[in-house]
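J.: Quick one: the structure is below, questions incoming.
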Amino acid sequence: METQLDPMKDDLPLMANTSYMLLKHYVLDLDVDFKSKVIEGSIVLFFETGSQYRKTISTGKECCQSQFDETCKMRASEPCHIPMINVSTYSSKTECNDFAVSGKEEEATSEENSNHSNNEQASGISSSKDCCDIEDHGNKDFLLVLDCCDLSVLKVEEVDVAAVSGIEKFTRSAELAGVSKELENLRNWIVHELVTLPADRWKEQLYYFTHCSQAPGCGDLLFSTGTWSLEIRKSGIQSPADFPHAIRIWYKTKPEGRSVTWTTDQSGSPHIIFLSQSVLPGGSHLCGTRLCHEIAHAWFGLAIGARDWTEEWISEGFATFLEDIFWARAQQLSHDEIKEQQELKALLRWRRLRDEVQNSEEELQVLRPKKESTGEVSESGASVVKYGLKAEKIFMQVHYLKGYFLLRSLARKIGEVSYLASLRKFVVKFHGQLVLSQDFLSMLLEDIPKQKQSGLTVESIFQNWLDTSGIPKPLLEEGETWKECQLVQQVSGEVTKWIQTNRRIRKSGKKKMKQDEVVFQQLLPDQLVLLLEFLLEEKTLCPRILQCLERTYQLRGQDAEVRHRWCELVIKHKYEPGYGDIERFLREDQAMGVYLYGELMVNEDAKQQELARKCFAAAQEHMDASSAKVVAEMLF
């Protein structure tokens, strides 16, 4: 009996069988229908045989097939790592890609489940699907499996790359390599030569990828669809080496689909989000830092990726750490200014991490939830993303923050110059590869031997930082150091002024405060965030103080991080003149506003709860499914 997955809570299944087939490049050609809210077109995929197959390729087809049979026998007696799935389960997680690639050798599916049209009723993928029938050792077609969700596949075809003008230059070495002159083999050889071109020939490679993607089709392929995957086969093809290495998939999105979600901005000008509009208003600070974060992903996330998707800190932690370095360079700050700015940022992140670990499930706070099993996949290459379907996980920043503090701690121990040099070395060594945490940590400690002598080991880092929930122990010892930062001390001084002024106003009753009675300093955006966070810790702030606070710093015109804290103050103190600011925030900054819905409900104030429901009713249809579900649980 198949186990149904909860598309909002469970692990995300990845059917990818990269042991046999690996995607090396893709080319998209899409049209957008604004009226029907559908994106339609084709994607051309270029493959190389995976590592599992390449190990045996030199011994010929017979050995490869026998290894497949042996693998299938082993899987029949071993538990499978892939959860059973019911096709009726509907994914709503935005983390699912359109297509991710895999391949697995499998008994040929029946004609009822393999066709040339979208088969919405294809049988669900379960643990039994990852095994061959050990009672039937007849011919078995190789099955290519792509991870995909919520797409209508219209057609799959082989691409005739041999028809491209000038492509014969890639076939000259085929005879020397003993490749058969049959056209199918030559096509695969062309793709092999193309994807293995050295990096210094990238312009030539891109030229031929583009032209190959425009080549005509040379035969339809059989396919079937499931909840989480697209399975493709070619009759009579029994090994990855003989399967077409260039295929074209014609597909379209579904208006109600969650893998690719149709969104609109505040004017209604549909768009593909690169940078949220929430970071654009209020000066250059927030936009600048976020851009630096995304630029950092060019190295960590794109050039180097996590081999196991549960280790997303490898991407997000590095990008968060490097965003400060990039932003400091962009501002052309002095050494002292850089240190001050980064200390202030560290304190803000510390407070955010502290709040997150206090208000989230412990299991979601662990950066390596699979621990010693991290990076392990099934024989076919399939795996799961731990907690990948939990709706609340998308709003958590623990992988950003704990990853950032780990890298910051290492930089402080090693010295920034040596640390950045090691980081460059790591990028050069692993460029274009998928890595695990130990790949980076082992190289770093080997590069700087004195750290091993001081007791810093990969195992100790796992234990203190990556494999446990809560605040890492080494970080707890650092909490007091940020108070010495001049920018922080300046904020503390301003907070004291506001608290004293608040007390005087409360004692004086209706007597108005003179505008020149207290002089408040202008603050940087990050300082404003910290100021408002400190004021949020005060039990009572009177309406006149809140009014003066907004006017002094022009809070309605600040960036989204500042305005979010202002809205929290408005909610806490039931400051009705600020309710319009909350409504605006929930309308224009939907993703950042999820937390505010909870705050509006916690106070058990009728006006605030009415405001929350009103804003949700107006924004619900424009929110992604995860956000809408989380907010609905808060409100109803």
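J.: Of the options G432, N464, W482, report the single residue whose Cα projects farthest towards the positive end of the charge dipole of the range 405-514 (beta-carbon charges: Lys, Arg +1; Asp, Glu -1).
T.: Comparing the listed Cα positions along the dipole, W482 ranks first.
J.: Do you know the Lys pair count in the range 475-603 for C-alpha distances under 25 Å, with sequence separation 8 or more or different chains?
T.: 26
J.: Something else: Under a 5 Å amide H to amide H cut-off, with H placed in plane at 1.01 Å, what residues pair with V38 once short-range neighbours are removed?
T.: D33
J.: For the range 542-629, just the Cα atoms, rotate onto the principal axes and tell me the three extents in Å, largest first.
T.: 38, 28, 16
J.: Starting from the amide H of L222, placed 1.01 Å from N in the peptide plane, find each other amide H under 5 Å away whose residue is 5 or more places distant or on another chain.
T.: Answer set, sorted by chain and number: R233, S235.
J.: Calculate the spin-label point distance for E256 paired with E477, positioning each point 7 Å from the Cα along the beta-carbon direction, and give it in nanometres.
T.: Label at E477, label at E256, 5.7 nm between them.
J.: Here's a follow-up. For the range 503-508, what does the Karplus curve 6.51 cos²θ - 1.76 cosθ + 1.60, with θ = phi - 60°, yield as ³J(HN,Hα) per residue in whole Hz, taken in order and with x for Gly and Pro?
T.: So the J values, rounded to whole Hz, are 5, 5, 5, 5, 6, 7.
J.: Would you please calculate the Kirkwood hydrodynamic radius of the range 339-397 over all C-alpha pairs and express it in Å, rounded to one decimal? Let's see the in-between values first.
T.: On the way: mean 1/r = 0.0715 Å⁻¹.
For the range 339-397, the Kirkwood estimate is 14.0 Å.
J.: Apply the Karplus curve 6.51 cos²θ - 1.76 cosθ + 1.60, θ = phi - 60°, to the phi angles in the range 528-542 and return the couplings in whole Hz, x for Gly and Pro.
T.: Whole-Hz 3J(HN,Hα) from phi for the range 528-542: 4, 4, 5, 4, 5, 5, 5, 5, 5, 7, 6, 5, 9, 10, 6.
J.: Considering the range 344-483, what Rg and Dmax in Å follow from its alpha-carbon atoms?
T.: For the range 344-483, the Cα radius of gyration and maximum Cα-Cα distance read 16.1, 52 Å.
J.: A further question follows. Over the alpha-carbon set of the range 486-576, divide Rg by the Kirkwood Rh and report the Rg/Rh ratio to two decimals. Can you show the working numbers first?
T.: Values: Rg = 12.4 Å, Rh = 13.4 Å.
Radius of gyration relative to Kirkwood radius: 0.93.
J.: Can you divide the C-alpha Rg of the range 317-363 by 2.2 N^0.38 Å and report the result to two decimal places? Please report the intermediate quantities before stating the final value.
T.: Values: Rg = 13.4 Å, N = 47, 2.2 N^0.38 = 9.5 Å.
Normalised Rg, Cα atoms only: 1.41.
J.: Within 11 Å, Cβ to Cβ, of L183, how many net charges do the neighbouring residues add up to if Lys/Arg are +1 and Asp/Glu are -1? Let's see the in-between values first.
T.: Working: positive: K181, R187; negative: E158, D160, E182, E184.
Every neighbour counted, the sum reads -2.
J.: Compute the distance in nm between two label points, each set 7 Å from the Cα along the Cα-to-Cβ direction, one at T171 and one at E361.
T.: 5.6
J.: Using the reciprocal of the averaged 1/r over all distinct C-alpha pairs, how large is the Kirkwood radius of the range 419-509 in Å?
T.: 17.4
J.: Under 1.5 on a/c is rounded, so check that first for the range 371-431, then, if it is not, pick prolate when a/b is larger than b/c and oblate when it is not; a ≥ b ≥ c are the square roots of the alpha carbon gyration tensor eigenvalues.
T.: Details: a/c = 2.99, a/b = 1.51, b/c = 1.98.
Oblate shape, in that a/c is at least 1.5 and b/c is the bigger or equal ratio.
J.: Working out 0.36 nm times the residue gap between R354 and L436, then minus their Cα-Cα distance, what length gain in nm do you get to one decimal?
T.: Values: separation 82, 0.36 × 82 = 29.52 nm, distance 2.62 nm.
Using 0.36 nm per residue and subtracting the Cα-Cα distance, I get 26.9 nm.
J.: Would you calculate the convex hull of the Cα atoms in the range 180-222 and tell me its volume per residue in Å³? Don't skip to the end; give the middle numbers.
T.: On the way: hull volume 4.0 nm³, N = 43.
Residue-normalised Cα hull volume stands at 92 Å³.
J.: With the cut-off at 20 Å, tell me which of the pairs K35/K252; K393/K429; K393/K473; K155/K252; K425/K450 have Cα atoms farther apart than that.
T.: On the way: K35/K252 14 Å; K393/K429 32 Å; K393/K473 23 Å; K155/K252 10 Å; K425/K450 18 Å.
Pairs exceeding 20 Å: K393/K429; K393/K473.
J.: So how compact is the range 204-362: Cα radius of gyration and Dmax in angstrom?
T.: Expressed in Å, the Cα Rg and Dmax of the range 204-362 come to 22.8, 68.
J.: Something else: Where does the range 135-242 land on the Kirkwood hydrodynamic radius, alpha-carbon pairs, in angstrom? Provide the component values of the computation, followed by the final result.
T.: Numbers: mean 1/r = 0.0632 Å⁻¹.
Roughly 15.8 Å, rounded to one decimal.
J.: Work out from phi, with θ = phi - 60° and the Karplus expression 6.51 cos²θ - 1.76 cosθ + 1.60, the ³J(HN,Hα) of each residue of the range 173-178, listed in order in whole Hz, and give x for Gly and Pro.
T.: 8, 5, 5, 5, 7, x
J.: Now, a different point. Quick query: amide H of A306 versus all other amide H atoms, modeled in the peptide plane; which residues come in under 5 Å with a sequence gap of 5 or more or a different chain?
T.: Those qualifying (amide H under 5 Å, at least 5 residues apart or on another chain) are V435.
Read-outs throughout are calculated quantities, based only on the coordinates presented, and are distinct from any laboratory measurement. Not measured: the values here are computed from a predicted model. Counting neighbours? That spans all protein chains shown, and the Cβs are built from the backbone with ideal geometry, glycine included.
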